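What follows is a short report on a single structure.
The values are calculated or read from the model by the stated rules, or taken from the named source; none is laboratory data. Keep in mind it's a predicted model, so treat the numbers as computed, not measured. FYI the Cβ positions are ideal-geometry reconstructions off the backbone, even for glycines, and counts take in every protein chain you see.
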Amino acid sequence: MRPSSTLAAFAAALALGWLAGPSALAQDAPLLPPQPDAGQAPEGAPPDATDPGATDPGAPDAADAPVTRKSVDTKPKNPQDRDAMLAELYVHLSQAHDATQAAPIASTIEGLWGFTESPTIGVLMNRAYKALAEDRKELAVQMLDAVVDLAPDYAEGWSRRAFAYYLQSDYDRAVGDLRRALALEPNHFKALDGLARILRESGQKKSALKVYEQLLRIHPYMPGAKEAADELRIEVEGQGI
């Protein structure tokens, strides 16, 4: 099955940088990077997308307006439009022939995860990214606390707060937020990747393997996932899986 012309155009728009929502800013960074050094900014941290002085929570102003999409015909007009695009893109991702074909589809999906109709949520997400880039984890959590309070149905808020908790070594809260994100967006392959990593690191190998297998059904070419699943399968062999 080949992507529709609309979806192909949408993927091309993202690749050209036309889609610049909060999620797209950090799409190359893994949700939960392996054990960052103390005091080190998260690997793949996004560029500064807000006003340099915007470091505290508060109402947005003109100086730190959120990054917005350029006007393209393929951008979602509302949450229902976004959901329809995601549903078709997940099908194409699961049927991708190789990593090269999967990459632009996955990137487009990540851009859609960040879609929000709320300028306030956009500003808070951008400020959270900026705080993480500066290794200000507590401030990032404050921003993301506000996001999930204001928009409890916004899966990306829960997913990104899980990332901040992980960087603080607060794995219980990270897992809780990942499960909330997955309840809202069951195909969120980065949330699944993060959950699998934490389960593996905490010694829950059988559970981690199940999550990786679920992840690979959605995104067969998620970087590192197949290798991790193969290793876990060997490690748990004979344990009744």
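Please enumerate the residues belonging to the range 168-223 that are assigned to a helix (DSSP H, G or I), polar (S, T, N, Q) and more than 23 Å from L86 (Cα to Cα).
S207
This table checks each residue for (1) in contact with a Ser or Thr (Cβ under 7 Å, 6 or more places away or on another chain); (2) modelled with pLDDT under 95; (3) β-branched (V, I, T).
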| residue | (1), (2), (3) |
| --- | --- |
| T50 | no, yes, yes |
| K75 | no, yes, no |
| Q80 | no, yes, no |
| H97 | no, no, no |
| Q101 | no, no, no |
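If I ask for residues that are in contact with a helix residue (DSSP H, G or I) (Cβ under 9 Å, 6 or more places away or on another chain) and assigned to a helix (DSSP H, G or I), which ones from the range 232-241 would you list?
L232, R233, E235
Can you tell me which residue in the range 215-238 is farthest from P104 (Cα to Cα), limited to those that are in contact with a Pro (Cβ under 9 Å, 6 or more places away or on another chain) and surrounded by fewer than 17 Cβ atoms within 10 Å (Cβ to Cβ)?
Ranking the candidates gives K226 first.
Which of the residues belonging to the range 149-161 are part of a helix (DSSP H, G or I), within 13 Å of T120 (Cβ to Cβ) and in contact with a helix residue (DSSP H, G or I) (Cβ under 6 Å, 6 or more places away or on another chain)?
G157
Picking from G203, G194, which residue would you name as being free of Cβ contacts under 8 Å to residues at least 60 places away in the same chain and either farther than 30 Å from T120 by Cα or not basic (K, R) (or both)?
Exactly one residue qualifies, and that residue is G203.
Out of Y212, Y171, I need the residue that is surrounded by fewer than 23 Cβ atoms within 10 Å (Cβ to Cβ) and either acidic (D, E) or free of Cβ contacts under 8 Å to residues at least 60 places away in the same chain (or both). Which one?
Y171
May I ask you to list pairs of residues, at least six apart or on different chains, whose Cβ atoms are under 7 Å apart, with the first in the range 140-165 being of a type in the set (D, E) and the second being part of a helix (DSSP H, G or I) and surrounded by 20 or more Cβ atoms within 10 Å (Cβ to Cβ)?
E156/S23; E156/W113
Against the definition (crowded, with 24+ Cβ neighbours inside 10 Å, over 20 Å from P220 (Cα atoms) and of a type in the set (D, E)), how does E156 come out, yes or no?
Yes, satisfied.
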